[in-house]
Amino acid sequence: MTHKIDIKNLNLYYDEFHALKSVNMVVGEKNIIALIGPSGCGKSTLLRTINRMNDLIEGVRITGEVFLDGNNIYDPGMDLYELRKRVGMVFQRPNPFAKSVSENVAFGLRVAQFKNKKKIAEIVERSLRAAGLWDELKDKLNRPALDLPLYQQQRLCIARLLAVEPEVILMDEPCSALDPIATMKIEEMMVELKRNYNIIIVTHNMQQAARVSDLCGYMLLGEMIEFNKTSEIFTNPRDKRTQDYITGRFG
Amino acid sequence: MMKLFSEKSIKKALTVIAFSAIAALLLIVVFIILEGLPFIFKVGISDFLFSSEWEPQMGRFGIFPMIIGSLVVTLGSMIVGIPLALSGAIFLSEFVPRWAMRIIKPTIELLAGIPSVVYGFIGVMVLAPLIRDYLGGPGLSILAASIILGIMILPTILSISIDSLKAVPQSYREGAFALGATHWQTIHMAVLPAAKSGIIAGIILGLGRAIGETMAVIMVTGNAVILPKSPLYSVRTLTANIALEMGYATGMHRQSLFATGVILLIIIMVLNYTATIAIRRRVGKK
């Protein structure tokens, strides 16, 4: 049986710096996976290998394999644009485009050359509903997205992803610019989205990992120290280093 | 105590200097208006602006051909300059590695430092003969002026456009790429809209420079006071009109040149005002 995502012996170098060391990770269907670890441990870098966002950075070299539904996304024949439609990403700081609310959500559709206006409007509404924004924003669809408060901007960025119906959603510390109440809303939304999507979230907030994730990976200095059920990681860590981190002795 | 005193006196000195700069500007504006405005009312606004007869010795002061001349030459320079500047800015900010940018951008900005008489000289010696030989007409023409001016305003538009493209946060590009956009889609759907107001401000500043340029324009337009029928015709611009005739103008004639200046001033003020609004809107968004 093929797994949704199967990372095999992945190494990544920024020029000389060895940022990911022989990482292995298997992700099944419809789970929330959290990646935790101290700053600079490579968790964001690992996340960005899954939709090949690291390709945008100069001096990055990658060895190993990342399979998505059994296909290695680092194969030379891989269609990057298709890949990124299947594996969407939410960033640390909300990054809506300098366009209206509805044009932000429709962005992925326009990229895919969608022309049917009625259909686009439908998808925009559906995506905003799924992101819990429809009631708040239905009268502001033509307002500039950058005028919205940050917590709405971040949910708009999620709505923007949902419009292209990705299979996997990568989230790179999506709540680090948000207050606790906004964070809670995003977490509720993640649990809701889990029914239809695979979510991988990078977080430096261990409580968040414990609250929302089914599986959890602890990374340190570019290595995947432990990858297991979240309940196991937090109650019964196998590795001494994981235990030190989750009990707050370090990190 | 001493410290406080020097603090206050520096503040006062700076205030005086700042105000004297503004005062000098104001005086110039007031002077031009006082010299020019009564003349405009004496001749009549519509006769001055919309009559095509410019014969100062005969008492005919119609600057319509010069207004048209200024506008078509400026428009032409925009048609030449904007596509070059925009494609250059997009190429340099999005496709060229950072180290190359560090060399190329100052070089472009150096272009702005070349005196306009040099541009004009090239226009007269190289461009005008080429146009005359291959396209006909006198050579010294709207077309020649458009090309020369287009190149002259290139550095202004290019460097402001590069700055505003570079000011677009990297996260916009990543956000677009993460939705499966190609490089070009990312540029025209995510980056350009975010940089738009800055680019517009750059274009308007370039426009101001084109409409105010005098030396190069005198050299390459041919300066005939006629309404042009094609880009190969000679024209005279408002600025050229002042520069060419001020040496021997007296009385009404002299006043008419100041009045030309008033019209020029109004056009440029409107342009600058629009530019300021465009820039402010950009800042307000952040």
In the range A:176-191, anything outside any helix (DSSP H, G or I) and without any contact (Cβ under 8 Å) to a residue 40 or more places away in the chain is listed as A:Leu178, A:Asp179
Against the definition (touching a residue at least 40 places away in the same chain (Cβ under 8 Å), open to solvent by 50 Å² or more (accessible area, probe 1.4 Å) and within 14 Å of chain A (Cβ to nearest Cβ)), how does B:His188 come out, yes or no? no
Any chance the range B:191-202 includes a residue that's under 30 Å from A:Leu83 (Cα atoms), among the aliphatic types (A, V, I, L, M) and open to solvent by 20 Å² or more (accessible area, probe 1.4 Å)? yes
Scan the range B:217-230 for residues that are crowded, with 24+ Cβ neighbours inside 10 Å and either aliphatic (A, V, I, L, M) or out of contact with any strand residue (DSSP E or B) (no Cβ under 8 Å at 6 or more places or on another chain) (or both) and jot them down. B:Val217, B:Met219, B:Val220
From the residues in the range A:147-164 that are within 14 Å of another protein chain (Cβ to nearest Cβ) and surrounded by fewer than 18 Cβ atoms within 10 Å (Cβ to Cβ), which one is farthest from B:Gly175 (Cα to Cα)? A:Asp147
Being in contact (Cβ under 8 Å) with a residue 12 or more places away in the chain and under 20 Å from A:Tyr197 (Cα atoms) narrows it down to one of A:Val23, A:Val27, so name that one. A:Val27
Output the qualifying pairs, or none if there are none: Cβ atoms under 8 angstrom, residues six or more apart or on different chains, first residue in the range B:173-185 and within 7 Å of chain A (Cβ to nearest Cβ), second residue among the acidic types (Asp, Glu) and in a helix (DSSP H, G or I). B:Gly180/A:Glu82
Quick one: is B:Gly208 open to solvent by 10 Å² or more (accessible area, probe 1.4 Å) and either out of contact with any His (no Cβ under 6 Å at 6 or more places or on another chain) or not aromatic (Phe, Trp, Tyr) (or both)? yes
The condition of being open to solvent by less than 50 Å² (accessible area, probe 1.4 Å) and closer than 22 Å to A:Leu10 by Cα holds, among A:Gly40, A:Gly70, A:Gly77, only for A:Gly70
Any chance A:Met206 is aliphatic (A, V, I, L, M), over 14 Å from the mean Cα position of the chain (by Cα) and open to solvent by less than 60 Å² (accessible area, probe 1.4 Å): yes
List the strands (runs of 3 or more DSSP E) that sit entirely inside the range A:27-130 and contain at least 2 residues that are within 9 Å of chain B (Cβ to nearest Cβ). A:87-90
Look at the range B:71-93 and say how many of its residues are more than 21 Å from B:Lys105 (Cα to Cα) and open to solvent by 20 Å² or more (accessible area, probe 1.4 Å). 4
Residue by residue through the range A:119-139, note down the ones that are more than 23 Å from A:Pro180 (Cα to Cα) and either open to solvent by 70 Å² or more (accessible area, probe 1.4 Å) or among the hydroxyl-bearing types (Ser, Thr, Tyr) (or both). A:Lys119, A:Glu122, A:Arg126, A:Ser127, A:Lys138, A:Asp139
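The values are calculated or read from the model by the stated rules, or taken from the named source; none is laboratory data. Everything numeric in this text was worked out from a predicted model, so none of it was measured. No Cβ is skipped: glycine too gets one built from the backbone with ideal geometry, and neighbour counts run over all protein chains shown. We work out accessible area using only protein heavy atoms, side chains counted, and drop any ligands, DNA or RNA first. Shrake-Rupley method; radii C 1.70, N 1.55, O 1.52, S 1.80 Å.
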